[in-house]
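Accompanying notes for the structure given below.
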Amino acid sequence: MYEKEISTAVIRRLPRYYRYLGELLAHDVVRISSKELSERMGVTASQIRQDLNNFGGFGQQGYGYNVEYLYNEIGKILGLDKKNRIIIVGAGNLGQAIANYGDFERRGFEIIGIFDVNPSIVGTSVRGITIRSAETLEEFIKVHEVEIAVLTLPKEKAPQVAADLAKWGIRGIWNFAPTDLHLPPHVMQENVHLAESLMRLSYKLKASEKNEKKRKL
């Protein structure tokens, strides 16, 4: 349906559209205009139309968007029309918190394995998922044809483990380790650096304080 390269900014907005449309569906909203959607999301109507036009538009002039149809189509674009099997590598506090987050299943993501090197937690379970020894990772990935791994490891261990995961068939890594991964081009990665995110928030607060002081002068 679409072959042109889509900008990173558009891709980053798609999950937000999906979330808002899901909320509209939950409230039995059948259709919505780009103007109404823009008021809810704080994005201009023009931006919404431009973003969606990258994938074919989906709207009808004078009618707007059918909420259920648009929700399903964006889900397909995001790859949510199929089950995505996931493993978590690193069963510390963060890894277990992610495993305990129940909303992933509703989005089409199924956590089927958790792995760690710590013998004191191997064999225990999180939300009914047994924590396995990291030594069984390669076989598990190949047997279950897993494509996505969540990496919640210390930064000194993450690069080598990520390289092994790529070698064993993982095609997507959700990286929470505070380091950059250098992987083959066919392996997609999404980095979530928590400290960097907090620093960006700190910057925004400082900038806001400066602007407030200027306004008072």
Which of the residues spanning region 77-92 are β-branched (Val, Ile, Thr) and at pLDDT below 95?
ILE77
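Conditions (1) open to solvent by 60 Å² or more (accessible area, probe 1.4 Å); (2) closer than 30 Å to VAL143 by Cβ; (3) not in a helix (DSSP H, G or I), marked per residue:
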{"residue": "GLU36", "(1), (2), (3)": "yes, no, no"}
{"residue": "ARG40", "(1), (2), (3)": "yes, no, no"}
{"residue": "VAL43", "(1), (2), (3)": "no, no, yes"}
{"residue": "GLY56", "(1), (2), (3)": "yes, no, yes"}
{"residue": "GLU68", "(1), (2), (3)": "yes, no, no"}
{"residue": "TYR71", "(1), (2), (3)": "no, no, no"}
{"residue": "GLY75", "(1), (2), (3)": "no, yes, no"}
{"residue": "GLY79", "(1), (2), (3)": "no, yes, yes"}
{"residue": "ARG85", "(1), (2), (3)": "yes, yes, yes"}
Residue check, PHE176 at pLDDT 95 or above and either among the β-branched types (Val, Ile, Thr) or within 26 Å of GLY22 (Cβ to Cβ) (or both):
yes
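When region 3-21 is examined, which residues are found to be assigned to a helix (DSSP H, G or I), within 19 Å of ASN72 (Cβ to Cβ) and open to solvent by 20 Å² or more (accessible area, probe 1.4 Å)? Walk me through how you get there before you give the answer.
Of the residues in region 3-21, the ones assigned to a helix (DSSP H, G or I) are 8-21.
Restricting the remaining residues to those that are within 19 Å of ASN72 (Cβ to Cβ) gives 10-11, 13-21.
Those that are assigned to a helix (DSSP H, G or I), within 19 Å of ASN72 (Cβ to Cβ) and open to solvent by 20 Å² or more (accessible area, probe 1.4 Å): ILE11, ARG13, PRO15, ARG16, TYR18, ARG19, TYR20.
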Anything in region 163-192 that is free of Cβ contacts under 8 Å to residues at least 24 places away in the same chain, more than 19 Å from ILE87 (Cα to Cα) and in contact with a Pro (Cβ under 8 Å, 6 or more places away or on another chain)? List them, or say none.
HIS182
Criterion (at pLDDT 95 or above and under 17 Å from the mean Cα position of the chain (by Cα)) met by exactly one of GLY108, GLY95:
GLY95
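Within region 87-105, take every residue that is part of a helix (DSSP H, G or I) and not aliphatic (A, V, I, L, M) and give me the one that is most open to solvent (accessible area, probe 1.4 Å).
The first filter runs over region 87-105 and keeps only residues part of a helix (DSSP H, G or I), leaving 93-99, 103-105.
Still in the list and also not aliphatic (A, V, I, L, M): 93, 95-96, 103-105.
Details: ASN93: 146, GLY95: 1, GLN96: 65, ASP103: 36, PHE104: 36, GLU105: 66 Å².
Taking the candidates together, the pick is ASN93.
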When region 87-120 is checked residue by residue, the ones that are closer than 22 Å to LYS142 by Cα and of a type in the set (Gly, Ala, Ser) are GLY90, ALA91, GLY95, ALA99, GLY108, GLY113
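The values are calculated or read from the model by the stated rules, or taken from the named source; none is laboratory data. As the structure is a prediction and not an experimental result, all values here were calculated from the model. As a convention, Cβ positions derive from the backbone with ideal geometry for all residues, glycine included, and neighbour counts pool all protein chains shown. SASA here: full protein model, heavy atoms, side chains in, ligands and nucleic acids out. Shrake-Rupley method; radii C 1.70, N 1.55, O 1.52, S 1.80 Å.
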